[in-house]
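Colleague: Got a structure for you, questions after.
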Amino acid sequence: MYKRIPGTKDILPEEVGLWQAMEETSRKIFSLYRYQEIRPPLIEEASLFNRSLGDSAEIVQKQMFLVKHAQHLFALRPEATASVARAYIENNLDKRENFCKFYYLGPMFRLERPQKGRLRQFHHLGAEAIGSPAAHLDTEVICLADQLLKGLGISGYKIKLNSLGCAKDKNELSSKLQKALKGQSLKLCADCRLRLQKNPLRILDCKQENCQAIVRGLVLGETHLCPECQQHFREVKAGLDALNLDYLVVPHLVRGLDYYTRTVFEIIHPDLGAQDALGAGGRYDNLIKELGGPHTAAIGFALGVERLLLVTSNQKPATSKDFVYLVSLGQEARKQGLKLLAEMRTQGICCDTDYQGKSLKGALRQANDLQARFTLIIGEDELKKHTVTFKDMASGEQKEVEREKCIELILAAS
Ligand code: HAM
């Protein structure tokens with residue numbers, strides 16, 4: 001018997017209601033901010049992610065689902081920011097409108113060791129605003145993430161915020177770290193020893209207690225930000241304060257993707273356990289240029305849908321819609337019944353019937369179990385008289401009506 005691959009999920013019909021409700025709420029909120037949906041492909045040239053996320057990023061090093069084809073190496077997308085940036089450049093979207101706001105909903109793939117909240121196929125609900133370095137855009141993007149969470153009925157989360165500074169600031173901090181940690185490299189974990197060579201910034205958010213203690217002991221000066229980046233960060237914070245939005249400045253928040261510059265943020269929830277990030281985002285002012293496009297500043301974020309579902313208080317699936325159950329007894333009645341079902345559906349009435357040859361008793365029991373609002377019966381008698389037995393399932397009241405009338409009755413009741 002085949003089983004699903006560990007770290008993937010079957011989203012069964014009883015759960016799909018929650019997903020649809022979440023998607024609908026998100027779409028409404030995105031449209032309030034005039035974000036438009038974009039749907040890039042799920043598969044891209046692998047090098048797009050190497051270039052965007054950085055060769056030393058964990059996702060690129062260990063987690064890409066790769067597919068070789070002739071001379072090409074493709075990857076199932078581990079995230080969508082790089083794809084959106086590629087689509088923006090390839091479709092010359094900057095020439096249509098030089099400021100664009102996109103959102104996306106869809107699956108991402110990372111070859112991780114599965115655990116609670118960590119999947120190999122998971123879903124992002126994300127946004128990218130491309131074309132402006134303005135600090136008030138950062139504030140608004142964080143506010144959008146906050147409104148989405150609230151709109152989805154989630155509370156108790158924390159927004160962690162930091163500024164990495166521009167590319168020059170990041171380089172300076174990297175060199176400072178390399179110098180400061182030179183004598184202590186043997187005390188770092190194996191991953192951080194490698195990071196010290198390739199991507200020292202990532203040592204700052206290593207989860208190992210030992211590395212964290214070493215980082216806490218470093219003297220790195222008050223800030224590594226240049227005056228412009230300091231001013232930008234001040235404006236972002238002032239904007240959030242003006243909106244009364246709670247956040248926590250975490251100077252060591254760096255994020256695992258190379259494309260970030262200036263503002264970075266992460267939203268965590270205490271109920272998630274070890275994988276506590278509900279979502280994350282930040283600026284990527286150099287990415288579009290690095291991928292061959294015009295110099296275009298941008299910012300975005302993505303929320304992990306499976307993690308949102310783990311903490312949402314709204315765990316009740318949407319109740320099913322009112323519907324009509326038709327019981328037709330015998331071959332001719334079934335033929336007439338199919339016609340009536342088709343007419344009802346054309347009139348927008350949700351209806352269903354038995355496909356398993358149930359007896360009248362069995363079919364009525366099923367109508368009851370499925371919580372039909374009305375049950376229609378066409379038996380021999382009704383067939384002759386061109387009528388339908390019309391039963392209101394709540395009151396138990398039953399009457400015989402002309403077939404044409406029953407649609408009117410149902411429509412009048414809804
Ligand atoms: P990320 O932090 O890699 O950022 O992913 C965002 C969110 O996706 C995480 O906070 C988490 O909730 C969820 N997530 C990540 N990996 C998994 C997994 N294996 N299983 C379940 N959920 C997961 C990005 O991907 C950036 N593209 C965000 C962004 C958009 N930055 C700018 N624009």
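Colleague: Scan the stretch 104-124 and report the pairs whose first residue is of a type in the set (Gly, Ala, Ser) and whose second residue is within 8 Å of the ligand (Cβ to nearest atom) and assigned to a loop (DSSP other than H, G, I, E, B), with Cβ atoms within less than 8 Å and a gap of 6+ or a chain change.
Modeller: That search, which allows pairs on different chains as well, returns 106/80; 117/275.
Colleague: Quick one: residue 139 ticks every box in (1) among the polar types (S, T, N, Q); (2) open to solvent by less than 20 Å² (accessible area, probe 1.4 Å); (3) more than 28 Å from residue 270 (Cβ to Cβ) except a single one, so which number is it?
Modeller: In the conditions (1) among the polar types (S, T, N, Q); (2) open to solvent by less than 20 Å² (accessible area, probe 1.4 Å); (3) more than 28 Å from residue 270 (Cβ to Cβ), residue 139 misses (3) alone.
Colleague: Please go through the stretch 239-291 and give me each residue that is more than 10 Å from the ligand (Cβ to nearest atom) and among the aromatic types (Phe, Trp, Tyr), ordered by number.
Modeller: 247
Colleague: I would also like to ask the following. Within the stretch 243-275, can you find the residues that are more than 24 Å from residue 291 (Cβ to Cβ) and touching a helix residue (DSSP H, G or I) at 6+ places or on another chain (Cβ under 8 Å)?
Modeller: 243, 245, 247, 249, 252, 253, 267, 269, 271, 272, 275, listed by residue number.
Colleague: Out of 293, 282, report the one residue that is at pLDDT 95 or above and either touching a Cys at 6+ places or on another chain (Cβ under 6 Å) or over 21 Å from residue 108 (Cα atoms) (or both).
Modeller: 293
Colleague: When residue 95 is evaluated against the numbered criteria (1) away from the ligand (no atom under 15 Å from the Cβ); (2) not in a helix (DSSP H, G or I), which criterion, by number, is the only one it fails?
Modeller: In the conditions (1) away from the ligand (no atom under 15 Å from the Cβ); (2) not in a helix (DSSP H, G or I), residue 95 misses (2) alone.
Colleague: If residue 111 meets every condition in (1) farther than 17 Å from residue 280 by Cα; (2) crowded, with 22+ Cβ neighbours inside 10 Å apart from one, which number is that one?
Modeller: Result: residue 111 fails condition (2) only.
Colleague: How many of the residues in the stretch 259-295 are under 19 Å from the mean Cα position of the chain (by Cα), surrounded by fewer than 17 Cβ atoms within 10 Å (Cβ to Cβ) and within 18 Å of residue 167 (Cα to Cα)?
Modeller: The total comes to 0.
Colleague: What single numbered condition from (1) open to solvent by less than 40 Å² (accessible area, probe 1.4 Å); (2) modelled with pLDDT of 95 or more fails to hold for residue 167?
Modeller: (1)
Colleague: Can you tell me which condition residue 276 does not meet? The list is (1) in contact with a strand residue (DSSP E or B) (Cβ under 7 Å, 6 or more places away or on another chain); (2) modelled with pLDDT of 95 or more, and all the others hold.
Modeller: Tallying (1) in contact with a strand residue (DSSP E or B) (Cβ under 7 Å, 6 or more places away or on another chain); (2) modelled with pLDDT of 95 or more, residue 276 fails exactly one: (2).
Colleague: Is there a residue in the stretch 152-159 that is surrounded by fewer than 16 Cβ atoms within 10 Å (Cβ to Cβ) and farther than 30 Å from residue 24 by Cα?
Modeller: The answer is no; no qualifying residue exists.
Colleague: Still on this structure: Which condition number does residue 51 fail, the rest of (1) part of a loop (DSSP other than H, G, I, E, B); (2) open to solvent by 60 Å² or more (accessible area, probe 1.4 Å) being met?
Modeller: Exception for residue 51: condition (1).
Colleague: Quick test for you: out of 363, 333, 298, pick the one residue that is under 36 Å from the mean Cα position of the chain (by Cα), of a type in the set (A, V, I, L, M, F, W, C) and open to solvent by less than 80 Å² (accessible area, probe 1.4 Å).
Modeller: Only one candidate passes the filter, namely 298.
Here's the yes/no breakdown for (1) assigned to a helix (DSSP H, G or I); (2) under 23 Å from residue 296 (Cβ atoms); (3) at pLDDT 90 or above:
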residue	(1), (2), (3)
192	yes, no, yes
207	no, no, no
221	no, no, no
229	yes, yes, yes
253	no, no, yes
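Colleague: Another one. Does residue 140 satisfy being assigned to a helix (DSSP H, G or I), within 15 Å of the ligand (Cβ to nearest atom) and closer than 29 Å to residue 30 by Cβ?
Modeller: When the stated conditions are applied, residue 140 passes them.
Colleague: I've got another one for you. Among (1) open to solvent by less than 60 Å² (accessible area, probe 1.4 Å); (2) over 14 Å from residue 110 (Cα atoms), where does residue 10 come up short?
Modeller: It is condition (1) that residue 10 fails.
Colleague: Could you check the stretch 54-77 and list, in sequence order, the residues that are closer than 30 Å to residue 25 by Cα and surrounded by 22 or more Cβ atoms within 10 Å (Cβ to Cβ)?
Modeller: Result: 77, single match.
The values are calculated or read from the model by the stated rules, or taken from the named source; none is laboratory data. None of the values given here were measured: they were computed from a predicted structure. Cβ sites come from the backbone with ideal geometry, for glycine too, and all protein chains shown count toward neighbours. Surface areas here come from the heavy atoms of the whole protein model, side chains and all, with no ligands, DNA or RNA. Shrake-Rupley method; radii C 1.70, N 1.55, O 1.52, S 1.80 Å.
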